[in-house]
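Working notes, structure below.
The values are calculated or read from the model by the stated rules, or taken from the named source; none is laboratory data. It should be emphasised that the depicted structure is a prediction, and the values quoted were computed from it without experimental measurement. All Cβ positions, even for glycine, are placed from backbone atoms using ideal geometry, and neighbour counts span all protein chains on display. Please note that ligands, DNA and RNA were not included when accessible areas were found on the heavy atoms of the full protein model with its side chains. Shrake-Rupley method; radii C 1.70, N 1.55, O 1.52, S 1.80 Å.
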Amino acid sequence: RKRKENRNTQTSLPRGDAVRHRHDRFEFFERIPGAPAPISATVHRRLHFHEMDPANIAWHGQYPAFFEAAQQELGKICGLTYPVLRKAGLIAPIRKFHAEYLLPLNFDEEFSVTASLLWTDGARVNMEYEIRKTDGRLAGAGYTVQLFMDLNTQQPVLWDPDFWADFKQRWQAGEFTR
(Lines give C-alpha, C1' and ligand atoms only; values in the text may rest on other atoms or scores of the structure.)
Protein backbone atom coordinates (compact mmCIF):
# COMPACT_ATOMS: atom_id res chain seq x y z
CA ARG A 1 0.00 0.00 0.00
CA LYS A 2 1.43 3.34 -1.04
CA ARG A 3 1.30 6.30 1.38
CA LYS A 4 -0.11 9.50 -0.04
CA GLU A 5 2.19 12.50 -0.06
CA ASN A 6 1.10 15.45 2.06
CA ARG A 7 0.30 17.92 -0.73
CA ASN A 8 0.28 20.92 1.64
CA THR A 9 4.05 20.76 2.06
CA GLN A 10 7.15 20.19 0.02
CA THR A 11 8.47 17.87 2.72
CA SER A 12 6.46 14.65 2.85
CA LEU A 13 6.19 12.40 5.86
CA PRO A 14 8.91 9.76 5.86
CA ARG A 15 7.91 6.77 3.80
CA GLY A 16 7.92 3.81 6.16
CA ASP A 17 11.41 3.36 7.51
CA ALA A 18 13.02 4.57 4.29
CA VAL A 19 15.88 6.92 5.04
CA ARG A 20 18.95 8.22 3.33
CA HIS A 21 21.97 6.91 5.19
CA ARG A 22 25.19 8.66 4.27
CA HIS A 23 28.55 8.56 5.99
CA ASP A 24 27.40 7.56 9.46
CA ARG A 25 24.37 9.87 9.29
CA PHE A 26 20.66 9.36 8.79
CA GLU A 27 18.45 11.82 6.93
CA PHE A 28 14.82 10.97 7.56
CA PHE A 29 13.29 14.00 5.79
CA GLU A 30 13.89 15.33 2.31
CA ARG A 31 15.88 18.56 2.26
CA ILE A 32 14.14 21.42 0.47
CA PRO A 33 16.51 23.28 -1.89
CA GLY A 34 16.98 26.89 -0.77
CA ALA A 35 15.51 26.27 2.69
CA PRO A 36 17.31 27.59 5.78
CA ALA A 37 19.82 25.29 7.45
CA PRO A 38 18.48 23.12 10.27
CA ILE A 39 18.53 24.54 13.81
CA SER A 40 20.40 22.16 16.11
CA ALA A 41 21.21 21.71 19.79
CA THR A 42 23.23 19.07 21.60
CA VAL A 43 23.09 17.82 25.18
CA HIS A 44 25.82 15.73 26.81
CA ARG A 45 24.95 13.14 29.39
CA ARG A 46 25.80 9.84 31.02
CA LEU A 47 23.72 6.65 31.12
CA HIS A 48 22.24 6.10 34.59
CA PHE A 49 21.48 2.79 36.25
CA HIS A 50 17.70 3.33 36.17
CA GLU A 51 17.85 3.76 32.36
CA MET A 52 19.24 0.25 31.76
CA ASP A 53 17.52 -2.99 30.82
CA PRO A 54 18.39 -6.52 32.06
CA ALA A 55 21.13 -6.75 29.39
CA ASN A 56 22.92 -3.82 31.13
CA ILE A 57 22.46 -1.47 28.18
CA ALA A 58 20.16 1.51 27.66
CA TRP A 59 16.57 0.32 27.62
CA HIS A 60 15.02 1.12 24.24
CA GLY A 61 12.15 2.93 25.97
CA GLN A 62 14.57 5.62 27.19
CA TYR A 63 15.26 6.91 23.69
CA PRO A 64 12.19 9.18 23.60
CA ALA A 65 13.46 10.83 26.81
CA PHE A 66 16.97 11.18 25.34
CA PHE A 67 15.50 12.83 22.24
CA GLU A 68 13.25 15.10 24.32
CA ALA A 69 16.19 16.42 26.37
CA ALA A 70 17.91 17.63 23.18
CA GLN A 71 14.64 18.96 21.77
CA GLN A 72 14.05 21.02 24.92
CA GLU A 73 17.56 22.48 24.65
CA LEU A 74 16.87 23.41 21.04
CA GLY A 75 13.62 25.05 22.14
CA LYS A 76 15.49 27.22 24.64
CA ILE A 77 17.83 28.42 21.89
CA CYS A 78 15.12 29.49 19.47
CA GLY A 79 12.07 30.09 21.68
CA LEU A 80 10.16 27.02 20.55
CA THR A 81 9.06 25.84 24.00
CA TYR A 82 5.84 24.32 25.27
CA PRO A 83 4.94 27.43 27.35
CA VAL A 84 5.40 29.62 24.25
CA LEU A 85 3.18 27.29 22.23
CA ARG A 86 0.50 27.32 24.92
CA LYS A 87 0.63 31.11 25.09
CA ALA A 88 -0.01 31.11 21.32
CA GLY A 89 -3.05 28.87 21.91
CA LEU A 90 -1.37 25.81 20.44
CA ILE A 91 -0.22 22.36 21.37
CA ALA A 92 2.04 20.20 19.23
CA PRO A 93 1.53 16.51 20.03
CA ILE A 94 3.79 13.94 18.47
CA ARG A 95 2.16 12.34 15.45
CA LYS A 96 5.02 10.01 14.64
CA PHE A 97 8.10 8.72 16.48
CA HIS A 98 10.82 6.54 15.01
CA ALA A 99 14.14 5.32 16.42
CA GLU A 100 17.08 3.38 15.00
CA TYR A 101 19.11 1.49 17.61
CA LEU A 102 22.60 1.09 16.17
CA LEU A 103 25.09 0.58 19.02
CA PRO A 104 24.36 -0.13 22.69
CA LEU A 105 24.91 2.47 25.39
CA ASN A 106 26.42 1.00 28.55
CA PHE A 107 26.13 1.91 32.22
CA ASP A 108 27.89 5.18 33.09
CA GLU A 109 28.86 5.73 29.45
CA GLU A 110 28.96 9.34 28.27
CA PHE A 111 27.12 10.22 25.07
CA SER A 112 25.60 13.18 23.27
CA VAL A 113 22.17 13.71 21.80
CA THR A 114 21.58 16.24 19.02
CA ALA A 115 18.16 17.46 17.95
CA SER A 116 17.82 19.21 14.58
CA LEU A 117 14.73 21.11 13.49
CA LEU A 118 14.25 20.82 9.73
CA TRP A 119 12.50 23.31 7.51
CA THR A 120 9.05 22.43 6.26
CA ASP A 121 6.53 24.51 4.39
CA GLY A 122 3.74 22.89 6.40
CA ALA A 123 2.20 23.55 9.79
CA ARG A 124 4.21 20.92 11.63
CA VAL A 125 7.53 20.34 13.38
CA ASN A 126 9.99 17.90 11.75
CA MET A 127 12.80 16.95 14.10
CA GLU A 128 15.73 14.56 13.57
CA TYR A 129 17.93 13.17 16.35
CA GLU A 130 21.37 11.62 16.66
CA ILE A 131 22.91 9.84 19.63
CA ARG A 132 26.69 9.66 19.48
CA LYS A 133 29.29 7.95 21.63
CA THR A 134 32.27 10.03 22.79
CA ASP A 135 34.38 8.55 19.97
CA GLY A 136 31.88 9.97 17.45
CA ARG A 137 30.25 6.69 16.44
CA LEU A 138 26.52 6.89 15.80
CA ALA A 139 24.71 4.88 18.51
CA GLY A 140 21.17 5.83 17.53
CA ALA A 141 19.10 8.08 15.34
CA GLY A 142 15.47 8.94 14.92
CA TYR A 143 12.81 11.48 14.14
CA THR A 144 9.56 12.94 15.37
CA VAL A 145 6.74 14.70 13.56
CA GLN A 146 4.58 17.05 15.62
CA LEU A 147 1.37 18.58 14.33
CA PHE A 148 -0.08 21.85 15.58
CA MET A 149 -3.48 21.70 17.26
CA ASP A 150 -5.68 24.39 18.74
CA LEU A 151 -5.20 24.34 22.52
CA ASN A 152 -8.91 24.77 23.30
CA THR A 153 -10.62 22.74 20.59
CA GLN A 154 -7.79 20.24 20.10
CA GLN A 155 -8.53 20.36 16.38
CA PRO A 156 -5.63 20.21 13.88
CA VAL A 157 -4.32 23.51 12.56
CA LEU A 158 -3.87 22.96 8.82
CA TRP A 159 -2.20 26.28 7.99
CA ASP A 160 0.76 28.09 9.53
CA PRO A 161 -0.45 29.61 12.80
CA ASP A 162 0.77 33.20 13.32
CA PHE A 163 3.34 32.02 15.86
CA TRP A 164 4.82 29.50 13.38
CA ALA A 165 4.77 31.91 10.44
CA ASP A 166 6.65 34.51 12.53
CA PHE A 167 9.10 31.86 13.73
CA LYS A 168 9.80 30.74 10.16
CA GLN A 169 10.41 34.35 9.03
CA ARG A 170 12.98 34.75 11.81
CA TRP A 171 14.54 31.42 10.81
CA GLN A 172 14.80 32.50 7.15
CA ALA A 173 16.40 35.77 8.28
CA GLY A 174 19.18 33.77 9.99
CA GLU A 175 18.27 34.60 13.57
CA PHE A 176 18.98 31.08 14.82
CA THR A 177 22.29 30.37 13.09
CA ARG A 178 25.25 30.07 15.39
(request) Scan around L151 for amide H atoms under 5 Å from its own, H built in the peptide plane at 1.01 Å from N, and keep only partners 5 or more places away or cross-chain. (result) L90, I91
(request) Kindly rank 78-85, 126-133, 38-45 from highest to lowest mean number of other beta carbons found within 10 Å of each residue. (result) 126-133, 38-45, 78-85
(message) Need one number: the % of Cα-Cα pairs in region 22-107 sitting beyond the 19 Å mark.
(response) 56 percent
(request) Whole number in Å², please: accessible area per residue of region 109-178, 1.4 Å probe, ligands, DNA and RNA not counted. (result) 44 Å²
(request) Give, rounded to the nearest 20 debye, the magnitude of the charge dipole that the chain has about its Cα centre when Lys and Arg contribute +1 at Cβ and Asp and Glu contribute -1 at Cβ. (result) 560 debye
(request) Can you tell me the relative contact order of region 44-127? Whole percent, Cα pairs under 8 Å, sequence separation 6 or more. (result) 46 percent
(message) On C-alpha positions alone, give me the angle between the axis of helix 63-78 and the longest principal axis of the chain, in degrees, nearest 10.
(response) 50 degrees
(message) For the chain, take the longest principal axis of its alpha carbons; what is the angle in degrees between that and the long axis of helix 162-172, to the nearest 10 within 0 to 90?
(response) 70 degrees
(request) Return one whole number: the accessible area per residue of region 42-84 in Å², for a 1.4 Å probe. (result) 57 Å²
(request) Determine the relative contact order of the chain: mean sequence separation of Cα pairs under 8 Å and six or more apart, normalised by residue count, in whole percent. (result) 25 percent
(message) Leaving out ligands, DNA and RNA, and with a 1.4 Å probe, what % of the accessible surface on the chain is carbon or sulfur?
(response) 51 percent
(request) Quantify how much of the Cα-Cα distance distribution of region 81-125 extends past 14 Å, in percent. (result) 72 percent
(request) List the equivalent ellipsoid semi-axes of region 45-178 in whole Å, largest first, each obtained as the square root of 5λ for an eigenvalue λ of the Cα gyration tensor. (result) 31, 16, 12
(message) From Cα pairs below 8 angstrom and at least 6 apart in sequence, can you work out the relative contact order of region 86-177, rounded to a whole percent?
(response) 32 percent
